[in-house]
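**Student:** Sharing a structure below in structure tokens format, with a few things to ask.
The values are calculated or read from the model by the stated rules, or taken from the named source; none is laboratory data. These figures come from a predicted structure and were not determined experimentally. Here the Cβ is made from the backbone with ideal geometry for all residues, glycine too, and neighbour counts use every protein chain on show. For accessibility, only protein heavy atoms count, side chains too; no ligands or nucleic acids. Shrake-Rupley method; radii C 1.70, N 1.55, O 1.52, S 1.80 Å.
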Amino acid sequence: MIDPKDKNLPVIDTEDSQASEHVKLSRRLFLGGSAALVGGAAAMGATMGGALMPSVAHASTDAKHTVGPGELDEYYGFWSGGHQGEVRVLGLPSMRELMRIPVFNVDSATGWGLTNESKEVLGENAPLNGDCHHPHMSMTDGQYDGKYIFINDKANTRVARIRGDIMKTDKITTVPNCQAIHGLRVQKVPYTKYIFANAEFRMPHPNNGLNMDDVEGYYTMFNGLDAESMDVAWQVIVDGNLDNTDADYTGKYAFSTCYNSEGAIDLPGSMRNERDHLVIFNIERIEAAVKAGKFITLPGSDVPVVDGRKGSELTRYVPVPKNPHGINTAPGGKYAVANGKLSPTVTVFELAKFDELFADKIQPRDTVVAEVELGLGPLHTAFDGRGNAFTTLFIDSQVCKWDVEKAIRFYNGEKVDYILQKLDVHYQPGHNHTTMGETRDADGQYLVSLQKFSKDRFLKCGPLHAENDQLIDISGDEMKLIHDGPAFAEPHDCMMVHRSKVKTRKLYDRKDPTFATTVAMAKKDGITLETDSKVIRDGNKVRVYMTSVAPNYGLNEFTVKQGDEVTVIITNLDEIEDVSHGFCMVNHGAQMEISPQQTASITFKADQVGVHWYYCNWFCHALHMEMRGRMLVEPA
Ligand code: CUK
Ligand code: CUA
Ligand code: CA
């Protein structure tokens, strides 16, 4: 275990160390390359700031991984856009970016954050920024079902849902009485009834400014959101804070890591204990407690809040070394692995033991079947479905491939080398992810390792660097690095889904709920969206309805009065796949996408008299430039 106060830490006596040969070797390399380390968080800082030796990794170029022009990728990748606020869709193995899905940000190409339809999803006065970390797809019986992708917003304590069929955000929920939703996973079995969302930061309750010094009284909560309604179904008060989370394959349990069992409000304080914990949540008992009315509510919300602090029947706390970060369930659900971060170890839990633990037949630590060293700074683990695990080592800048069953045997005293390979990655990996690896269908084809630093790997673009998402072939015995992918801030996490699981629409359904409110408004105005191009005046509110068919808008011009609030509603009648139009009103801050068979609307103020041109901003036709019209604003 790393003691951050131990100034002698870098001089590890490898003779005395219990570490395996692999760990000793990687430590020697690591220590040789960064002499300024003082251990713990300081070590991370030093490594981050320090110059790394340029490392030449020879990429293997295998025809198997090449996706030629016109060929389609085998997998969809859903990438967190980090504090950029969006979700990105990549194709794998090409690592080509296929689409960007705006979520917590504003996007001028699609009008997300500008259109009335997107504002309805975002809510009144919604913050137009976010910090995404964990995109995860809904499942049925432990397999991806393609229906939804969920993503957290740490910056504004929200959870969003993206529809798999149109790849647009359709719901966003702000979690009440919490700060910073971080870890997010879905219930895998029998289906995704709940999204599990950790609130990270402990805070006073009520947070009314009168009890800010009562740090001991602070708490945070584990949240279950209903995946269909996106309502917060219940909240569970916990001891410590919460970091990452995952769920099992019975539907009975979810579990979250905690790095701050100390309840500290500063960094040294949160590293005081040698062990923090994993909190295990008993979903059936939480549901039963809510049903039986054994809950409280907190100010400003009617969400049932149950108490899961130590001693509660709803939870169990398993001590885990030290400031653990990722928690990852192996495909099929026999094991879960907690990643030690400030300890060079991973902790393996046997999930079948959780029943006995909740029946008080065993002690919390009896659920641990292995706790073995891998290297420095283990953060996240992925699986290939063949019994191997892949753990990112942040400080060592490596991915460690290890055999879970062998690690268990080693832990039980057998002399067996559980570490199979260590591969350099560039540099400082956080999350990693295997194809289909968080489901029963883990296929062990590719591993993506998401590096926080790219250093010397790409052409420089000023002081701010891209991150580096590396693709690794794990189909054979040896991991092979096959691609470097620069990425903008900051894809903490991603997921890879076989393309057979994703079914997208070519055109919008005219009954699509994303524009149901607009359709209802049109109906009230006596408008048939599919045929009418017409101006409706309602006091100083003017609604301009028009159709679009490449390369024409239904209205070549419309007239309003200065000071009018103008809403332009466009229905794209094109039925040809890929013929999206746009609408931009020049100098009015208004632009949006209108894809085939979609209705979209945008509202702005006509505050300047005279002629104002509008135009189509998605290239749609040879006469795309000519697809334009005039707004005539008369003096009031
Ligand atoms: S966290 Cu960023 S590397 Cu938010 Cu899942 Cu681990
Ligand atoms: Cu319509 Cu460009
Ligand atoms: Ca701690």
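**Student:** Anything in the range 324-343 that is part of a loop (DSSP other than H, G, I, E, B) and open to solvent by less than 10 Å² (accessible area, probe 1.4 Å)? List them, or say none. Lay out the reasoning, then the answer.
**Tutor:** Looking only at the range 324-343, we keep the residues that are part of a loop (DSSP other than H, G, I, E, B), and these are 324-326, 330-334, 340-343.
Once the filter is applied, which keeps residues that are part of a loop (DSSP other than H, G, I, E, B) and open to solvent by less than 10 Å² (accessible area, probe 1.4 Å), the range 324-343 yields Pro324, Gly326, Gly340, Leu342, Ser343.
**Student:** Of Arg185, Arg202, Arg163, which residue is open to solvent by 10 Å² or more (accessible area, probe 1.4 Å) and within 16 Å of ligand 3 (Cβ to nearest atom)? Before the answer, list the steps.
**Tutor:** Working: Arg185 fails: within 16 Å of ligand 3 (Cβ to nearest atom); Arg163 fails: within 16 Å of ligand 3 (Cβ to nearest atom).
Exactly one residue qualifies, and that residue is Arg202.
**Student:** List the number of the failed condition for Met592; all other conditions in (1) more than 31 Å from the chain's Cα centre (by Cα); (2) under 19 Å from Met521 (Cβ atoms) hold.
**Tutor:** Among (1) more than 31 Å from the chain's Cα centre (by Cα); (2) under 19 Å from Met521 (Cβ atoms), the lone unmet condition for Met592 is (1).
**Student:** Within the range 503-526, take every residue that is part of a loop (DSSP other than H, G, I, E, B) and without any contact (Cβ under 8 Å) to a residue 24 or more places away in the chain and give me the one that is farthest from Gly629 (Cα to Cα). I'd like the intermediate steps shown before the answer.
**Tutor:** Start the filter on the range 503-526 by keeping residues that are part of a loop (DSSP other than H, G, I, E, B), which leaves 503-512, 525-526.
Next, only the ones that are without any contact (Cβ under 8 Å) to a residue 24 or more places away in the chain stay: 511, 525-526.
Working: Lys511: 28, Asp525: 23, Gly526: 24 Å.
Filtering the range 503-526 for residues that are part of a loop (DSSP other than H, G, I, E, B) and without any contact (Cβ under 8 Å) to a residue 24 or more places away in the chain, the one farthest from Gly629 (Cα to Cα) comes out as Lys511.
**Student:** Which residue pairs have Cβ atoms closer than 8 Å, lie 6 or more positions apart in sequence or on different chains, and pair a first residue in the range 154-169 that is in contact (Cβ under 8 Å) with a residue 12 or more places away in the chain and within 20 Å of Asp578 (Cβ to Cβ) with a second residue that is within 16 Å of ligand 2 (Cβ to nearest atom) and open to solvent by 30 Å² or more (accessible area, probe 1.4 Å)?
**Tutor:** none
**Student:** In the range 84-118, what residues are among the basic types (Lys, Arg) and over 17 Å from the mean Cα position of the chain (by Cα)? Outline the logic, then answer.
**Tutor:** The initial filter retains those residues of the range 84-118 that are among the basic types (Lys, Arg), namely 88, 96, 100.
Answer for the range 84-118, where residues must be among the basic types (Lys, Arg) and over 17 Å from the mean Cα position of the chain (by Cα): just Arg96.
**Student:** Right, here's the next one. Considering every residue within the range 132-151, establish whether at least one is aromatic (Phe, Trp, Tyr), under 15 Å from the mean Cα position of the chain (by Cα) and part of a loop (DSSP other than H, G, I, E, B).
**Tutor:** no
**Student:** In the range 226-250, what residues are over 30 Å from Pro204 (Cβ atoms) and surrounded by 20 or more Cβ atoms within 10 Å (Cβ to Cβ)? Lay out the reasoning, then the answer.
**Tutor:** Here is the first cut: in the range 226-250, the ones over 30 Å from Pro204 (Cβ atoms) are 227-228, 248-250.
Correct list: Ala227, Asp248, Tyr249.
**Student:** Open to solvent by less than 50 Å² (accessible area, probe 1.4 Å), touching a Leu at 6+ places or on another chain (Cβ under 9 Å) and on the phi > 0 side of the Ramachandran plot, is that true of Gly113?
**Tutor:** On the way: open to solvent by less than 50 Å² (accessible area, probe 1.4 Å): yes; touching a Leu at 6+ places or on another chain (Cβ under 9 Å): yes; on the phi > 0 side of the Ramachandran plot: yes.
When the stated conditions are applied, Gly113 passes them.
**Student:** Identify, by number, the condition in (1) touching a residue at least 60 places away in the same chain (Cβ under 8 Å); (2) closer than 30 Å to Leu122 by Cα; (3) not small (Gly, Ala, Ser) that Pro486 doesn't meet.
**Tutor:** (1)
**Student:** Do you know which of the residues in the range 476-502 that are part of a loop (DSSP other than H, G, I, E, B) and of a type in the set (Asp, Glu) is surrounded by the most Cβ atoms within 10 Å (Cβ to Cβ)?
**Tutor:** Residues of the range 476-502 that are part of a loop (DSSP other than H, G, I, E, B), as a first pass: 476-479, 488-493, 502.
So of that shortlist, the ones also of a type in the set (Asp, Glu) come out as 477-478, 490, 493.
Working: Asp477: 9, Glu478: 13, Glu490: 18, Asp493: 27.
In this case the residue turns out to be Asp493.
**Student:** Continuing with this model, one more query. For the range 442-456, check the following and say yes or no: at least one residue is buried (at least 21 other Cβ atoms within 10 Å of the Cβ), part of a loop (DSSP other than H, G, I, E, B), within 16 Å of ligand 1 (Cβ to nearest atom) and hydrophobic (A, V, I, L, M, F, W, C).
**Tutor:** Within the range 442-456, not a single residue is buried (at least 21 other Cβ atoms within 10 Å of the Cβ), part of a loop (DSSP other than H, G, I, E, B), within 16 Å of ligand 1 (Cβ to nearest atom) and hydrophobic (A, V, I, L, M, F, W, C).
**Student:** A further question follows. I want to confirm something. Restricting to the range 229-245 and keeping residues that are of a type outside the set (A, V, I, L, M) and within 19 Å of Val290 (Cα to Cα), which single residue is farthest from ligand 3 (Cβ to nearest atom)? It would help to see each step written out before you state the result.
**Tutor:** Going residue by residue through the range 229-245, those that are of a type outside the set (A, V, I, L, M) are 229, 231, 234-235, 239-241, 243-245.
Now drop any that are not within 19 Å of Val290 (Cα to Cα), which leaves 229, 231, 234-235.
Values: Ser229: 36, Asp231: 33, Trp234: 27, Gln235: 23 Å.
Among them, the one singled out is Ser229.
**Student:** Open to solvent by 30 Å² or more (accessible area, probe 1.4 Å) and of a type in the set (Ser, Thr, Tyr): which single residue out of Tyr259, Tyr253, Tyr219 fits that description?
**Tutor:** On the way: Tyr253 fails: open to solvent by 30 Å² or more (accessible area, probe 1.4 Å); Tyr219 fails: open to solvent by 30 Å² or more (accessible area, probe 1.4 Å).
Answer to the check: Tyr259.
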